[in-house]
Every structure is written in C-alpha cells, then in structure tokens.
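Novice: Okay, handing you the structure first.
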Amino acid sequence: MFGENEGLGHGSENWCIPFRYRSSDDESSDKVVEVLMIDTPSGPGLLFPKGGWENDETVEEAAVREAIEEAGVRGELMGFLGDYHFKSKTQQDEFSPDGLCRAAMYALFVNEELESWPEQNTRNRSWVTIPEAVEKCRHAWMTDALVLGFNKWHAENMSDE
C-alpha cells in the first residue's frame, strides 16, 4: 500500500497514531484533532498501539490489526509517517545486544470505536489533544513521531477536514 517498509525485519514494529476530529468547545466551527493513546501495565505514560506482524499479512495490515487488538478501534490507514528508532529491552538478544528497534509509524483515521476488544482488560484508552499527548507520551521518540511526523503529515494531507 505505502511501500516504504519493504524488508522490515528483526527489531521492527508497526505503530499507528489513531486520530479523529471533534467539534471545538468554543463558538467557532473549528475541529479539534484528538489522538488515541493507551496505557500498559509495564510503566507510566501513554503509548500508541503497536506490534509485530504475522507472516500472512503486510506491515500495514499489522498496524490496523494492532489498533483493533490493543485500542479497540477500526479505521482507515491514511499515510506513512516515517520510521523512528528506539531501544527496547525486550528486543535485546545476540543479534541486537542494544535492543535497537525501528518503528514504522502510520496515521489511522478512526471510524469505529469498539465496545469490547481483545486487550481491554490490560489496556485503557484515552482520547487526547495533540498538546496533551505530547505531555503524556512515555518516550521522547514517540513525541517526535507525533510532532514531527503526524502534525506535518496532517497539515500537508488533511487540511480540508
């Protein structure tokens, strides 16, 4: 679909930034962009849905699946936001002693919020504005993906919304 992630391998994950619009709280007709973040039992702060992919699916399909499994939302994958690099203790092994990983990040326009989803017992979801998300992101690289990736992509591609 987007083609930027041919050959993703060990230490690679698919992430998405689920987003929606809500009406502004003031008298204007402006729409406010909200992003969906999830918590995890593994630590403080919020994350975006992520995970690996199965052998029978594309990286894009995996990003959509992870949004359903972890955050309970369905939507349309709208664009590739970039690759972001980070370290993960769970990815440390003989091939990557530092646990270096690459996150392929996508924008997902949410059109359905599920009442029940596979990981609802271990994850809570929160719709937040971009400034709130910046404050709540668990990792600095994730803040970069939101501010430098999503905001730039949204301004260039969704200005008519």
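The values are calculated or read from the model by the stated rules, or taken from the named source; none is laboratory data. Because the structure is predicted, anything quoted here is derived from the model rather than measured. Positions of Cβ are backbone-derived with ideal geometry, glycine not excepted, and every protein chain shown enters the neighbour counts. To get the accessible areas, we keep the full protein, side chains included, count just its heavy atoms, and leave off ligands, DNA and RNA. Shrake-Rupley method; radii C 1.70, N 1.55, O 1.52, S 1.80 Å.
Novice: For the stretch 12-158, what does the accessible surface come to per residue with a 1.4 Å probe? Please give it in Å².
Specialist: Values: 7710 Å² over 147 residues.
For the stretch 12-158, the per-residue accessible area is 52 Å².
Novice: Ranked highest first by the average count of other Cβ atoms within 10 Å around their residues, in what order do 49-59, 112-122, 133-143 fall?
Specialist: On the way: 49-59: 14.8, 112-122: 12.1, 133-143: 17.1.
In decreasing order of mean packing, 49-59, 112-122, 133-143 become 133-143, 49-59, 112-122.
Novice: Quick one: pull the percent of accessible area on the stretch 12-158 belonging to carbon and sulfur, 1.4 Å probe, ligands and nucleic acids left out. Provide the component values of the computation, followed by the final result.
Specialist: Working: 3500 of 7710 Å².
The nonpolar share, carbon plus sulfur, comes to 45 percent.
Novice: 5 Å is the cut-off here: which amide hydrogens, built 1.01 Å from N in the peptide plane, fall below it relative to Arg138, excluding neighbours closer than 5 in sequence?
Specialist: Close amide H contacts, sequence-distant or interchain: Leu46.
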